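Notes for the one structure printed next.
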Amino acid sequence: MPVLSSRLRETFLAIVNPAAGGGRAAKLAGQALARLKDRGLRVDVIASSNAGHVAQLASEAYAQGYRRFLAVGGDGTAHELINGAFHEGPGAERIALGFLPMGTGNSFLRDFTKTDAPGHSIDALGSGRKRSVDLLRLKHAAGTIYSFNLVSVGFTADVGALTNRMFKPFGHLGYLLGVLVRVARLKRRAFKMRCDRDAQWDERRCLFLTFNNSKFTGGTMMIAPNADPCGGWIEYVRWGPIGRLGLIGMLPRLYDGTHITHELCETRRVKRVEFALEGPVNVMIDGEILTLDCQALEILPGAMDVYV
C-alpha cells in the first residue's frame, strides 16, 4: 500500500463534469487531457454523472491518497471539487488544484490570466507553476462550505438563482439577462451582520453584500476590483438601496470595477464576518446558489495551491 499511496500523490485526478459549458466539457476534455499527458503528467480521469457527484468523487479520491486534482469544467466544478477534497485539522494534507476551464463562467482564473482557454492552464500544469491561494470558510446552520471565488447575498444571489434556473445555457449573456429581469423585480432588504471587531450589528437595507476572494463573478463582471486571492483578507463590497434607474445606469460599471467609486458603494478588507439572519436566504457561492442560514465567514490564508 505505501507504493500505491506514493504513486497517487504524484498523480493528478482529473474530474470531468460532462455537463459543464452546456456539454462543452464532454467534447473538449479528451483533447486537453491528452495534451497534459504529452507534457509528461501522470493523469487519472473520472467523470461525474449528476449534481454533487464531483464532491463525492473528490472526497473518495482524497481518502485513497490523491492530493493533486484537476477540475475539468467551470467554477461550479471547481467549487464541488474543493468541497470534497479540502480538509482541515490535525492530519489533513495540503491539496493542489489545476483547472481545465470549459464552463460558462471560469471567473476565478481571470485574476491570473485574460484568457479562459485551457492553454494557459495546460502551460501552468506542465511547468509546475503554482501559487498558494486563500479560501473562504462559510459556517451555516447545517455545516461548512468552502469558497475560492465569492460568497454573496441579495441582488447578486437572486440574479444567480434566476440565471441558473432559466438562462445558464446562454453563458455570459445569460447572466446579463438575469440581471435585467431582477432589476425589474428589484428587492432591497437588510442582512444583519458585523465584521471583525465591529461593536454594532449592521442592519441597513442594501442591494447586495459580497464577500470576495477574487475579482470576478458571472464570467467578466468585476464585483471586487481590489480583491486578491493571495492577500489573506476578504474583500467586502456593500451596495446601498439604489433605485432601478440608478442601478441600470451603474450596470456597465460592474464590468470594469468603477462601480466602487459610487456614493452608495462601500468596500472593506476584513478577516471575519458574523451573521444574525432571521432564517435561510439565497446565497451565491462560486456561482452556485444555495439556500442557507449563514452564521460566520472567515478567510483561510494560503489554504491550498492552484496551478496558474
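The values are calculated or read from the model by the stated rules, or taken from the named source; none is laboratory data. It should be emphasised that the depicted structure is a prediction, and the values quoted were computed from it without experimental measurement. Here the Cβ positions follow ideal geometry from the backbone for every residue, glycine too, while neighbour counts run over all protein chains shown. Side chains included, ligands, DNA and RNA excluded: accessible areas come from the protein's heavy atoms. Shrake-Rupley method; radii C 1.70, N 1.55, O 1.52, S 1.80 Å.
With one equal scatterer per alpha carbon and no solvent term, the Debye-computed log10 I(q)/I(0) for segment 115-174 at 0.14, 0.20 1/Å reads -0.71, -1.00. Of the residues Ala92, Ala29, Ala161, the one that moves most in a GNM of the chain with alpha-carbon contacts below 10 Å is Ala92. Spatially, segment 245-276 and segment 10-29 are offset by 34 Å when compared through their Cα centroids. Site pair Thr258 and Ser127 shows an inter-label distance of 3.4 nm when each label is modelled 7 Å from Cα along Cα→Cβ. Counting only Cβ charges, +1 for Lys and Arg and -1 for Asp and Glu, the dipole size of the chain around its Cα centre is about 420 debye. For segment 1-147, the dipole from Cβ point charges (+1 on Lys and Arg, -1 on Asp and Glu) about the Cα centre works out to 340 debye, to the nearest 20. Just to be sure I understand the curve: with the Debye formula and one point per C-alpha of segment 164-240, what is log10 I(q)/I(0) at q = 0.16, 0.17, 0.19, 0.26 Å⁻¹? For segment 164-240, the Cα-only Debye profile gives -0.77, -0.85, -0.98, -1.20. For segment 234-308, dividing the convex hull volume of the Cα atoms by the residue count gives 154 Å³ per residue. Which log10 I(q)/I(0) values, to two decimals, does segment 21-86 give at q = 0.16 Å⁻¹ under the Debye formula with one point per Cα? Debye curve over Cα of segment 21-86, log10 I(q)/I(0) at q = 0.16 Å⁻¹: -0.54. On a per residue basis, the chain carries 42 Å² of accessible surface, using protein heavy atoms and a 1.4 Å probe. Along the axis of the charge dipole computed for segment 72-140 (Cβ charges of +1 for Lys and Arg, -1 for Asp and Glu, origin at the Cα centre), the listed residues Ala85, Gly105, Ile95 are led at the positive end by Ile95.
Annotation: extensible slack from Ala190 through Arg39 equals 49.2 nm (criterion: 0.36 nm per residue apart, minus Cα-Cα distance).
Take every pair of alpha-carbon atoms less than 8 Å apart whose residues are at least six positions apart; their mean separation over the length of the chain yields a relative contact order of 20 percent. In plain terms, the chain from Ala276 to Leu180 could stretch by 31.6 nm, reckoned as 0.36 nm per residue minus the Cα-Cα distance. Accessible surface comparison of Asp256, Asp293, probe 1.4 Å, protein chains only, largest first: the order is Asp256, Asp293.
Which residue fluctuates most in the GNM of the chain (Cα springs below 10 Å): Leu109, Leu251, Leu209? Highest fluctuation among the options: Leu251. The fraction of accessible area contributed by carbon and sulfur in segment 1-144 is 50 percent, rounded to a whole number (1.4 Å probe; ligands and nucleic acids excluded).
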